[in-house]
Amino acid sequence: MSRSLDLGPLRPRGAAAPLLLSPSIVLVVILLAFPLVLLGRYSLNRFVPGKFMVDGLTIENFLRFFSDPFYLDILWRTIGISLFSTALCLVLGVAPAYYIARVTSTRLKSFLLICVILPLLMGNAVRVAGWLVLLGDRGVVNAFLTAIGLTHDPVQLLYTGKAVLIGIISVNLPFMIITLQSVIESIPRPLEEAGLGLGAAPARMFLEVLLPMMMPGVIAGTVLCFILSMNAYATPLLIGGPKFQMMAPAVYEQITRANNWPFGAALAFVLMATTLVLTVLSSWLLGRHDPQRKESAS
């Protein structure tokens, strides 16, 4: 009589697991860690006009940044725009994400998802060009305002904080909708029906039942949108212009046009460190309201 042989789960033994991971580790080191180390080394060099940069170990580039109100204003402006745009993406993304997640028609759901994903297939420069046509002095918006008699002179829409905010939201909103939709779709519908059946108003049901279970998607969506906003380049460069500068275009300006690689590297490091600290802080604050994390911690 033949007997079945239970081999159990197959697991790599000894040094097999590190050996299998070594190609990925080497790739991460080459493509990520090494450039960051090189960038950090450049930020400690000195800039000498005519000599590009001189090797050294100095923090004068960081001291220049933190002592110059101009660059500090750019940093605070970048943080403010990123926080505000992320909050608006979250508020604007909940309703379409919920509708897409709960729609019963498979064809309609697929069509709506395609509509959300389609803008991501275009480059930022193409999208920015569209906003330039809409928001320019002779653009569609000003032509409409003039036609209905609200204004006789063109309204300054480009090269303002509002235009940059609109452009960043248009880039990041699809990421928020997709992230929230995937999480809402995994929440059982009977839980919502039970809350409504027990007499809770729709707003209370959303705040006490649905929102706590959406927290993984809220955290992932806000972190993703915040990182994209902090590092936005094409949108503030083309829509904001020289009147509304942000950190990423400032880094590009120092490295490519001013040829001041040490100071540009210092700007990049400040941007990266600020993004990392604020991302960890926001994830921690939002995670305190995540019931799944509370259960795992207990």
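Values quoted throughout were computed directly from the atomic coordinates according to the rules given, and no laboratory measurement underlies them. As the structure is a computational prediction, the values presented were derived from the model and not from experiment. Note: ideal-geometry Cβ built from the backbone for every residue, glycine included; neighbour counts use all protein chains shown.
General observations
- Against the set (i) 16.2; (ii) 15.2; (iii) 27.7, the structure's computed mean projected area of the Cα convex hull in nm² falls on (iii).
- Protection-proxy order for peptides 48-60, 234-246, each taking the mean of Cβ atoms within 10 Å per residue, highest first: 234-246, 48-60
- With contributions of -39500 (n - 2.57) from each DSSP H run of at least four residues, the per-residue ellipticity at 222 nm computed over the chain stands at -21000 deg cm²/dmol.
- Couplings 3J(HN,Hα) of segment 122-132, computed from phi: 9, x, 4, 5, 5, 5, 5, 4, x, 5, 5 Hz, in residue order, whole Hz [Karplus 6.51 cos²θ - 1.76 cosθ + 1.60, θ = phi - 60°; x for Gly and Pro].
- Taking segment 187-249 and dividing mean pair separation by its residue count, relative contact order in percent (alpha carbons under 8 Å, at least six apart): 22
- Filtered trypsin sites (Lys or Arg not before Pro), segment 96-141: DSSP coil and at most 15 other beta carbons within 10 Å: R138
- The chain - percent relative contact order, Cα under 8 Å, separation 6 or more: 25
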